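Since every read-out is calculated from the coordinates, none of them should be taken as a lab result. Please read these numbers as outputs of a predicted model, since none were measured by experiment. Heads up, the Cβs are rebuilt from the backbone with ideal geometry, glycines too, and the neighbour counts pull from every protein chain shown.
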Amino acid sequence: MFVHRLSRGGLHIDSQVFQNLAFAVVPASQGSLILCLESVFGVVFSMFATGEKLTTAVVIGFALIFISILLSEIRLPKRKHPIEG
């Protein structure tokens, strides 16, 4: 029965249901941050659970995703435009 559910995408559907239920009780800002870090968690999990080795491409991808998340969350001060006269 377990293999049957895997072949039909049952685990993916189950995980989506649990994810939707969890995000119903989490503030939107925290939920979006968790979703943004999903690929980072995937790399870390695959390293520890399956012993996957980090390649240069994985490290570069990890860095790009992490930097983009930081840039999207940082509030930069507004620039003052000089008054033209």
### Query
Using a Förster distance of 41 Å, how high is the FRET efficiency between A24 and T55, based on the Cβ-Cβ distance and rounded to 0.05?
0.65
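Taking 0.36 nm per residue of separation and subtracting the Cα-Cα distance, what length does fully extending S39 through I67 add?
Details: separation 28, 0.36 × 28 = 10.08 nm, distance 1.30 nm.
Going from the current span to full extension adds 8.8 nm.
Calculate the FRET efficiency for M47 and K78 from the Cβ-Cβ distance with a Förster distance of 41 Å, rounded to the nearest 0.05.
E between M47 and K78, to the nearest 0.05, is 0.55.
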